[in-house]
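This report concerns only the one structure given below.
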Amino acid sequence: MELESILLPGVDAKRPLLIAGPCSAETEEQVMETARQLASKGIKIFRAGIWKPRTKPGGFEGLGVEALPWLQRVQSELGMYTAVEVATAKHVRDCLAHNVDILWIGARTSANPFAVQEIADALEGIDIPVLIKNPVNPDLDLWIGAIERIYNAGVRRIGAIHRGFSTADKKIYRNLPQWHIPIELHRQIPNLPIICDPSHIGGKRELIASLCQQAMDLNFDGLIIETHINPDKAWSDAAQQVTPEVLDFILSNIVIRDTTQTTENLSALRRQIDELDNSLLELLARRMRVSREIGQYKKEHNMPILQTQRYDEILQNRITQAEQMGMDAEFMKTVLVAIHEESVRHQQEIMKM
Ligand code: PEP
Ligand code: MN
């Protein structure tokens, strides 16, 4: 796939790409205040659900187009970019009419090829970043199929969002991470950025920090985290949202391991190990040659191969020496016994000649 960067002008290129904002836009005040606090923490991309897919009817299903002008205020007053979930062609048109910057396709939608195709058709000829969540079921081909449908519509700025997979067992996670699936996605489409959604994986705010760290350790490109000024009072997904303050605390505690740096240092260290192993082999080969000369001497002087006292001395002295050098006595004994056995084998060969 010939993909283009999903980064927008002014958004920091270094990992992680950050998207934050409420599960749902609820009121103009909630949207503006959440965005204001996030902007003050340096967040550049604001997410908000406008249309909410709910498991059962009667839940808060989002305010719809009414809330889109609030996102335009977030753009114009705070200089943030906005990201909204789309599930139908109409959603796409409404978002484009209100200058939404990034679209994402939700997990229930990406599980449905008809719906994804409808969105793809609505995106034909439109250049906007589109993020595709994994389908609710752990089906990598279905996820890739959704990505391909959007790609085939001509969209090139594509990213994936890993939000975990639906499970009846909600003991720990709301949606099982099954990390091997996004890892395999990365193997199959290496240039596709993958963003982790710890909020929907965890389902509870206590899990977000450790999920963020795991995603960063697995080299994910970004994080999308649900953030609300008053999480407990949120109209949807209350248990998993965090305040902008807590988000900032979580982000400042994430360790971003520098992969290039680590690889470089690691390969330098590995080169040292290779050289040392090489020296060890050469030394052992030399030791065996000397051992064969001793065998020759013993043969000529009619001496036995095994001289127990000498062997005991070597073992004792070398084990003590090894311990002084910080190595384990048992380990050194194993090594010396193996070397001695091989020496004896060489000398036996000489004796037989
Ligand atoms: C959301 O991001 O609020 C959402 C509905 O997520 P998902 O599609 O992952 O369930
Ligand atoms: Mn949500």
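The values are calculated or read from the model by the stated rules, or taken from the named source; none is laboratory data. Everything quoted here is computed from the prediction, not taken from an experiment. Using ideal geometry, Cβ is built from the backbone for each residue, glycine included, and neighbour counts are taken over all protein chains shown. The area values use the complete protein model at the heavy-atom level, side chains included, leaving out ligands, DNA and RNA. Shrake-Rupley method; radii C 1.70, N 1.55, O 1.52, S 1.80 Å.
A few notes on this one:
- The single condition from (1) open to solvent by less than 60 Å² (accessible area, probe 1.4 Å); (2) in a loop (DSSP other than H, G, I, E, B) that Arg257 fails is (1).
- Inter-residue pairs, beta-carbon under 6 Å, first in the same structural domain as Val130 (by TED's automatic domain parsing) and among the hydrophobic types (A, V, I, L, M, F, W, C) and in the range 35-58, second open to solvent by 20 Å² or more (accessible area, probe 1.4 Å) and more than 16 Å from ligand 1 (Cβ to nearest atom), 6+ apart: Ala35/Leu78; Ala39/Leu78; Ile45/Tyr81
- Among residues of the range 153-162, those that are open to solvent by 10 Å² or more (accessible area, probe 1.4 Å) and either within 16 Å of ligand 2 (Cβ to nearest atom) or closer than 16 Å to Ala83 by Cα (or both), counted: 1
- Number of residues in the range 239-252 that are within 11 Å of ligand 2 (Cβ to nearest atom) and either surrounded by fewer than 15 Cβ atoms within 10 Å (Cβ to Cβ) or assigned to a loop (DSSP other than H, G, I, E, B) (or both): the value is 2.
- Residues located in the range 295-353, provided they are among the basic types (Lys, Arg) and open to solvent by less than 60 Å² (accessible area, probe 1.4 Å): Lys298
Let's see how each residue does on (1) outside any helix (DSSP H, G or I); (2) under 26 Å from Arg187 (Cα atoms):
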site: Cys95; (1), (2): no, no
site: Asn99; (1), (2): yes, no
site: Leu103; (1), (2): yes, yes
site: Gln117; (1), (2): no, yes
site: Ala122; (1), (2): no, no
site: Gly125; (1), (2): yes, no
site: Trp143; (1), (2): no, yes
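- Scope the range 164-175; condition open to solvent by less than 60 Å² (accessible area, probe 1.4 Å) and either under 19 Å from the mean Cα position of the chain (by Cα) or modelled with pLDDT of 95 or more (or both); matching residues: Gly164, Phe165, Tyr173, Asn175
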